[in-house]
1. Quick check on the stretch 88-131: of everything there that is among the small types (Gly, Ala, Ser) and touching a Pro at 6+ places or on another chain (Cβ under 7 Å), which residue is surrounded by the fewest Cβ atoms within 10 Å (Cβ to Cβ)?
2. Only residues that are among the acidic types (Asp, Glu) and touching a residue at least 40 places away in the same chain (Cβ under 8 Å): list them for the stretch 39-71, please.
3. If you scan the stretch 63-79, which residues turn out to be within 17 Å of Leu306 (Cβ to Cβ) and open to solvent by less than 20 Å² (accessible area, probe 1.4 Å)?
4. Please give the strands (runs of 3 or more DSSP E) falling wholly within the stretch 95-179 in which 1 or more residues are touching a residue at least 60 places away in the same chain (Cβ under 8 Å) and acidic (Asp, Glu).
5. Within the stretch 157-168, which residues are over 15 Å from the mean Cα position of the chain (by Cα) and open to solvent by 10 Å² or more (accessible area, probe 1.4 Å)?
6. Tell me, which residue of the stretch 299-339 that is within 20 Å of Leu63 (Cα to Cα) and basic (Lys, Arg) is surrounded by the fewest Cβ atoms within 10 Å (Cβ to Cβ)?
7. Output yes when any residue across the stretch 281-298 is touching a residue at least 12 places away in the same chain (Cβ under 8 Å), open to solvent by 40 Å² or more (accessible area, probe 1.4 Å) and more than 24 Å from Tyr32 (Cβ to Cβ), and no when none is.
Amino acid sequence: MKRILASCLTLLGVAALCIAADAPGFKVTKKYAVPGDGTFDYIVFDASMNRLYVSHGTEVNVLEADSGKLLGTVQDTPGVHGIAIVPRLHRGFTSNGGNSTVTVFDTNNFETIAKIPVSKDPDFIFYDPQTGRVFVCHGDAAKITAINPEQAAVAGEIDLGGGAEAAVVDTKGGGFVNLEKESSVVSFDPQNLSVKQRWPIAGCKTPTGLAIDAANSRLFIGCRSKVLAVMDLTNGKVIATLPIGDKVDAVAFDSDNQLIFASNGDGTVSVVRQDTPDKYEAVGAISTQPSAKTMAFDPKTKRLFLSASEMETVPSTDGQRARTKRKAGTFTVLVVERQ
């Protein structure tokens, strides 16, 4: 009888885990094949044109978001990491880690307009409509570069004292950036280009992805120590830490449904529900594909888009350990929707 009871409890536990895993109600509904075999990093959704900009080795692939149709390619972007779009100017900007430049391109025809030399290791890049500037986060250079998008020129820099990962801005003229090795957040002024505050992220190691709930003054920080940290952006206090998957790289916030998404390289998107600004609950994970760690969010349709590639093992040779690499011809964009 004890064995039967134990078996029943085990089955109930498994069922409960399955329910938790399926709780968000999301699943991969489409896969957009993308030509080429280069490395990949950030993927960006442009709501103004319903497009996806996909970093891909030495180029950026531009896709129609509803169908995956390849609309064009931004060429000669060596080691591209991220993309920022300035809709009012019909211009895009890419951060090129391979030669420490920012490419300025025309979003109508994807032709290059200019190349801007910047400090080494440009990575995350975004557009701030409030200041009208494009901001570039640098890892090795430990700073943020501000770019005037009209002039296609550097407007100034902010020295951070640590390698910058992702950054966001609020609606009150404040900016916030993760410092990866320091496991801290720096509050900065995007207008005056100055550091305001530095806060350690309690319970977090190696922060990467970052999202913001501006209405409630909350930051959502994806940490490689497998937690999502929730921080009060007014004082740096960590309110909660929630378990997430392995190798997180991006975080997004759905303010309409109070859901936080953390995309992980282990093939999951962890989902956390915001019950109140001070109360949070992990509600499960969406199965995606190993390597799908970068993500874009469409706030209107609530779709998630993730770059991914199949991986294969390379056997050990000449004393080298076996390793995994991207399988040729398998680069895709996954579309995740709520059912």
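The values are calculated or read from the model by the stated rules, or taken from the named source; none is laboratory data. Here the structure is a predicted model, which is why all the values come from computation and not from measurement. Cβ sites come from the backbone with ideal geometry, for glycine too, and all protein chains shown count toward neighbours. Remember, those area values only see protein heavy atoms, side chains included, never the ligands or the DNA or RNA. Shrake-Rupley method; radii C 1.70, N 1.55, O 1.52, S 1.80 Å.
1. Let us first name the residues in the stretch 88-131 that are among the small types (Gly, Ala, Ser), namely 92, 95, 97-98, 100, 114, 119.
Add one more test, that the residue is touching a Pro at 6+ places or on another chain (Cβ under 7 Å), and what stays is 95, 97-98, 100.
Details: Ser95: 30, Gly97: 21, Gly98: 14, Ser100: 19.
That would be Gly98.
2. Here is the first cut: in the stretch 39-71, the ones among the acidic types (Asp, Glu) are 41, 46, 59, 64, 66.
Scanning the stretch 39-71 gives Asp41, Asp46.
3. Leu63, Ala65, Gly68
4. Working: elements: 101-106, 112-117, 122-128, 133-138, 143-148, 153-159, 164-169, 175-179.
The qualifying strands (runs of 3 or more DSSP E) are 122-128.
5. Selection gives Glu157, Asp159, Gly161, Gly163.
6. Looking at residues that are within 20 Å of Leu63 (Cα to Cα) and basic (Lys, Arg), I get Lys300.
7. Taking every residue of the stretch 281-298 in turn, at least one turns out to be touching a residue at least 12 places away in the same chain (Cβ under 8 Å), open to solvent by 40 Å² or more (accessible area, probe 1.4 Å) and more than 24 Å from Tyr32 (Cβ to Cβ).
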